[in-house]
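Trainee: Just passing along the structure, written as structure tokens.
None of the figures in this text is laboratory data; all of them are computed from the coordinates on show. Predicted, not measured: the structure shown is a model, and the values here were computed from it. Cβ placement follows ideal geometry from the backbone for every residue including glycine, while neighbour counts extend to all protein chains displayed.
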Amino acid sequence: MVNDRPARCSDPVQDAACTTTSPASTATLLFAVGLATVLPLGATQPPERDVLPTIRSDTDGILDSVDVAAMLNGAGAEVGRGRVALVEMDWRLRGLVVSFQIFRVTGGAGLGALITLGSVGLDRATSGTRGATPADLWTLARETIPLYGGLRGCHLDGAADAILVHYGTTSQVAWLAADHLATVSVTDLGGNEARQSGLAQAIARLVAPRLASRVAGR
């Protein structure tokens, strides 16, 4: 379903998803949230109410823009970040929250490509109530992804399980760790699968240990 209403931000002044120097469009933000949720678009079961998810502020980025720029020889810039309660994307995922971050390739062979990072964990706002866990989402993703894209296993240090998925112009590395589920997605309209998957895996190897340390420190 396409909805051209603007995505809502809980604090438009302070929300990094809304105030980056070159902010992503509403469509790009929602596309990134969908990727970070892990489930293919056709596999989600949205709530009955017809509203867009609320993108809340998230001051802690998953990866520093300096690191991304270094991997891209200086040709990368952050264009958005935020947090979304996953029950607003799929009613089965109550109790989970996703943090996401978006970078755009600003030069070189992958000019215009989007890099989306995602981390799914328990939503502290709903602590004490019975809900889904990252492992539940992983099981659901493992069951449904093969119906929508090519999937193969891949090795990632510190991950209980990791996969590489290809959806046409997007390659995604997704993995399950002890207490979170994470993704790195590269979308390149040029459709170079080798370049997409190579970059996604390289960034995932950088993100995985840092994300594990950040989650453990909470």
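Trainee: In the range 116-144, how many are farther than 19 Å from Pro40 by Cβ, buried (at least 19 other Cβ atoms within 10 Å of the Cβ) and of a type in the set (Val, Ile, Thr)?
Mentor: The total comes to 0.
Trainee: Name the single residue, out of those in the range 128-175 being without any contact (Cβ under 8 Å) to a residue 40 or more places away in the chain and of a type in the set (S, T, N, Q), that is farthest from Val98 (Cα to Cα).
Mentor: Thr169
Trainee: If I filter the range 109-148 down to residues being in a helix (DSSP H, G or I) and of a type in the set (Ser, Thr, Tyr), which single residue comes out as farthest from the chain's Cα centre (by Cα)? I'd like the intermediate steps shown before the answer.
Mentor: Quick first cut of the range 109-148, residues in a helix (DSSP H, G or I) only: 124-126, 134-147.
Filter once more, keeping what is of a type in the set (Ser, Thr, Tyr): 126, 139, 144.
Details: Thr126: 21, Thr139: 17, Thr144: 17 Å.
Going through the qualifying residues, I end up with Thr126.
Trainee: Sticking with this one: So is Gly110 touching a residue at least 40 places away in the same chain (Cβ under 8 Å), closer than 28 Å to Thr26 by Cα and in contact with a strand residue (DSSP E or B) (Cβ under 7 Å, 6 or more places away or on another chain) or not?
Mentor: Working: touching a residue at least 40 places away in the same chain (Cβ under 8 Å): yes; closer than 28 Å to Thr26 by Cα: yes; in contact with a strand residue (DSSP E or B) (Cβ under 7 Å, 6 or more places away or on another chain): no.
No; evaluated as a whole, the condition is false for this residue.
Trainee: Return the total of residues in the range 41-83 being buried (at least 19 other Cβ atoms within 10 Å of the Cβ), assigned to a strand (DSSP E or B) and of a type in the set (A, V, I, L, M).
Mentor: 2
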